[in-house]
1. Whether any residue in the stretch 122-138 is buried (at least 24 other Cβ atoms within 10 Å of the Cβ), touching a Phe, Trp or Tyr at 6+ places or on another chain (Cβ under 7 Å) and over 21 Å from Ala411 (Cα atoms) is what I want to check.
2. Could you check how many residues of the stretch 52-68 are in a helix (DSSP H, G or I) and without any contact (Cβ under 8 Å) to a residue 40 or more places away in the chain?
3. Quick test for you: out of Ile416, Ile364, Ile354, Ile441, pick the one residue that is assigned to a helix (DSSP H, G or I) and in contact with a Cys (Cβ under 9 Å, 6 or more places away or on another chain).
4. Out of (1) within 20 Å of Glu292 (Cα to Cα); (2) assigned to a helix (DSSP H, G or I); (3) within 16 Å of the chain's Cα centre (by Cα), the odd one out for Ile424 is which?
5. Which pairs have Cβ atoms under 9 Å, sit 6 or more apart or on different chains, and link a residue in the stretch 361-373 that is closer than 9 Å to Glu304 by Cβ to one that is open to solvent by less than 70 Å² (accessible area, probe 1.4 Å) and of a type in the set (Val, Ile, Thr)?
6. The conditions are (1) on the phi < 0 side of the Ramachandran plot; (2) at pLDDT 95 or above, and Ser209 fails exactly one of them. Which is it?
7. Filter the stretch 328-337 down to residues that are buried (at least 18 other Cβ atoms within 10 Å of the Cβ) and in contact (Cβ under 8 Å) with a residue 24 or more places away in the chain and give me whichever is nearest to Pro98 (Cα to Cα).
8. So for the stretch 391-399 (the condition being part of a helix (DSSP H, G or I), over 24 Å from Thr256 (Cβ atoms), among the acidic types (Asp, Glu) and within 23 Å of the chain's Cα centre (by Cα)), does at least one residue qualify?
Amino acid sequence: MTKISSEQLIQATACEIKELLVKNEVSPSELLDALEDRIEAVDGPVNALPTLCFDRARVFAKELEKKPLEDRGLLAGIPVPIKDLTAIKGVRTTSGSPIFANRIPDWSDALVETMETNGAVVYAKSNTPEFGAGAHTFNPVLGTTRNPWDLSKSAAGSSGGAAAALATGCAWLAHGSDMGGSLRNPASFCGVVGLRPSMHRLADGPGTSPFQTLSMQGPMARNVADTALLLDAMVGFHNANPLAQPATEASFLSITKQKLKPMKVAFSPDLGVTPVDPEIAEICAQAALSFEEAGVIVEEATPELSEAPEVFKRLRGLDFVIGLGPLLDQHRDKLKEDIIWNIEYGRSLSAEDIAWAERKRGEIYYRMQSFFTDYDLLLCPTTIVPPFPIEQRYVDECAGQKLETYIDWLAIVSTITLTASPAISIPCGFTKSGLPVGLQIVGKPQGEGRLLSAANALEEILPKTPTPVTPAP
């Protein structure tokens, strides 16, 4: 049998890697060797995976290799990096904060346990902004993650390290999380796929707020089918999360492979809540219209969501008070100004302010359900701008309109967060300067299977995004 080269492995999809593992044509240890070489070759200037744990990974891989193939779990030994907000036993987990710069947990998050039970080999922590706050991946502990397509540009965030690792071939699959677009924004900027699942589709924790409904864990990959594969390896109830759901009877990958086409979809250039760069809007509109090649009806339509940005701002503020308020009291000098603003804004809200936001969120949810009686999916841009210069903290202007806070430019994704719908970003083209653009596709709550299947069908029509890329020096 001809030995498969490291370069061939790096270029392969995750589904192809799994086939090689199942056929015993490659071992988990050999995959780790290929990744270690690739990271050494390309990750230096990108800084996607600043914390490596290959020694731990090799021990896990060797134990996995002792088991019969049928007992190695769904992923069968595919290596996966974990976002640096999520605890891994024995591995430095900083959350991008000086407060936790030297933290080494003695426990693993429930989601990590689930993934490892399903055959994931954890080998790295991916970079994130401080406490995941903001959609540009930089922090004072582990530095800045750069966009592999142009090292002078942002990889977005907060799962920026995960997206950049996928784009450079330093990962086949990657874990991330998403409150206001953190799986979707970096997927768009880096030319990969990111899925925010329905609320509590996955179990994580323990955490400071197990009943919260904004931030969700999810999968990222280079294509839709690989994303579905990782989603299958992430699902399952765990008592660390009281709202988590059991695994579905049919695998998401099996539904995804069917490429089930929707009957009728809506495209909105801006969801009625934000300015959008004209070039981005045009690229996404053309991508949406590509669905017509598969016989899908595409109409321009937008549900009434105009109050969503204010609703999200208030509920996010409350979430920051719950999760990070005690740290502000103890370590104000070690928190970035954006986080301080978010916590103090949350503390300024009255009970009536929060009650208004909760009532309006309910209205938004029901309006979306009504919208989905006419349309199977809602499509729109994932980000309102192309990747921006690395020196910028956030986008403060778009299409001639000033944006006030560091979360305003995220309205096109944070609005969808409020709807409880699953949403995926898939690559849909490039700007004239050669930077990736993502199309956000939104499905019905608990409808990940049909969403992934439709995204897979559209991905087949759209031009292929050539990842992995080797960053230019």
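The values are calculated or read from the model by the stated rules, or taken from the named source; none is laboratory data. Since the model is a prediction, treat every value here as computed from it, not as a measurement. Here Cβ is always computed from backbone atoms with ideal geometry, including for glycine, and neighbour counts include all displayed protein chains. Surface accessibility is based on the protein's heavy atoms, side chains included, excluding ligands, DNA and RNA. Shrake-Rupley method; radii C 1.70, N 1.55, O 1.52, S 1.80 Å.
1. So far as the stretch 122-138 goes, yes, one or more of its residues are buried (at least 24 other Cβ atoms within 10 Å of the Cβ), touching a Phe, Trp or Tyr at 6+ places or on another chain (Cβ under 7 Å) and over 21 Å from Ala411 (Cα atoms).
2. Looking only at that region, the number is 6.
3. On the way: Ile364 fails: in contact with a Cys (Cβ under 9 Å, 6 or more places away or on another chain); Ile354 fails: in contact with a Cys (Cβ under 9 Å, 6 or more places away or on another chain); Ile441 fails: assigned to a helix (DSSP H, G or I).
None of the others qualify; the one that does is Ile416.
4. (2)
5. Short answer, once both residue conditions are applied: Ile364/Val311; Ile364/Thr415; Ile364/Thr419; Arg367/Thr419; Phe371/Thr302.
6. Only one criterion is unmet by Ser209, namely (2).
7. So, considering only residues that are buried (at least 18 other Cβ atoms within 10 Å of the Cβ) and in contact (Cβ under 8 Å) with a residue 24 or more places away in the chain, the one nearest to Pro98 (Cα to Cα) is Leu335.
8. Scanning the stretch 391-399 turns up no residue that is part of a helix (DSSP H, G or I), over 24 Å from Thr256 (Cβ atoms), among the acidic types (Asp, Glu) and within 23 Å of the chain's Cα centre (by Cα).
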